[in-house]
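To start, the structure itself, in structure tokens.
The values are calculated or read from the model by the stated rules, or taken from the named source; none is laboratory data. In this text the structure is predicted, and so the values were computed from the model without any measurement. Here the Cβ is made from the backbone with ideal geometry for all residues, glycine too, and neighbour counts use every protein chain on show.
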Amino acid sequence: MRNGVRLGIDVGTVRIGVARSDPGGILASPLETVRRGKGDLDRLAALAGEHEALEVVVGLPTSLSGREGPAAAGAREFAARLAARLPAEAVRLYDERLTTVTAESGLRAGGVHGRDRRKVVDQAAAAVLLQAALDGERLTGRPPGEIVRGSS
């Protein structure tokens, strides 16, 4: 397992959830919610720099059957634009099936409801995604997901 902070990104149509790992790459925790739109890529690149992130794991939404639809195409395009702003091979796509559902459920169980939950669910989903990627890397010994090449 490689040491270094990783960021997890859950890209939504309105908000982008961001999580970070500890330097040992063991535990993911919610970090920030970034408004989708003008300046979002700048903020994500800045966060990667501030945290000296080894890599950024972007969620790839697929159906339960593993098929990719319009949301996956959007995530791929977003990840490519982010990759163009970061060092080579720093961005990876990782299957995010059920991360938002898992995050919602955890927040509900923790007593976080309504508007409060909407404020943090994207960060929580990013943490679920990143934790799954970290756990997968620990189990296989290989970096998670697929490398994204940058495009402008």
Worksheet item: Is there any pair with a first residue in the range 25-51 that is closer than 16 Å to Arg6 by Cα and a second that is part of a loop (DSSP other than H, G, I, E, B) whose Cβ atoms are under 6 Å apart and which are 6 or more apart or on different chains, and what are they?
Response: Gly25/Met1; Ala45/Arg85; Ala48/Leu86; His51/Val5
Worksheet item: Of all residues in the range 105-131 being at pLDDT 75 or above, over 19 Å from Asn3 (Cβ atoms) and aliphatic (A, V, I, L, M), which is surrounded by the most Cβ atoms within 10 Å (Cβ to Cβ)?
Response: Ala126
Worksheet entry | Qualifying residue in the range 81-98 (condition: in contact with a strand residue (DSSP E or B) (Cβ under 7 Å, 6 or more places away or on another chain), at pLDDT 95 or above, assigned to a helix (DSSP H, G or I) and not hydrophobic (A, V, I, L, M, F, W, C)) | no
Worksheet item: When you look at Leu44, is it crowded, with 19+ Cβ neighbours inside 10 Å and assigned to a helix (DSSP H, G or I), yes or no?
Response: yes
Worksheet item: When you go through (1) at pLDDT below 95; (2) under 21 Å from Ala72 (Cα atoms) one by one for Val18, which number turns out not to apply?
Response: (1)
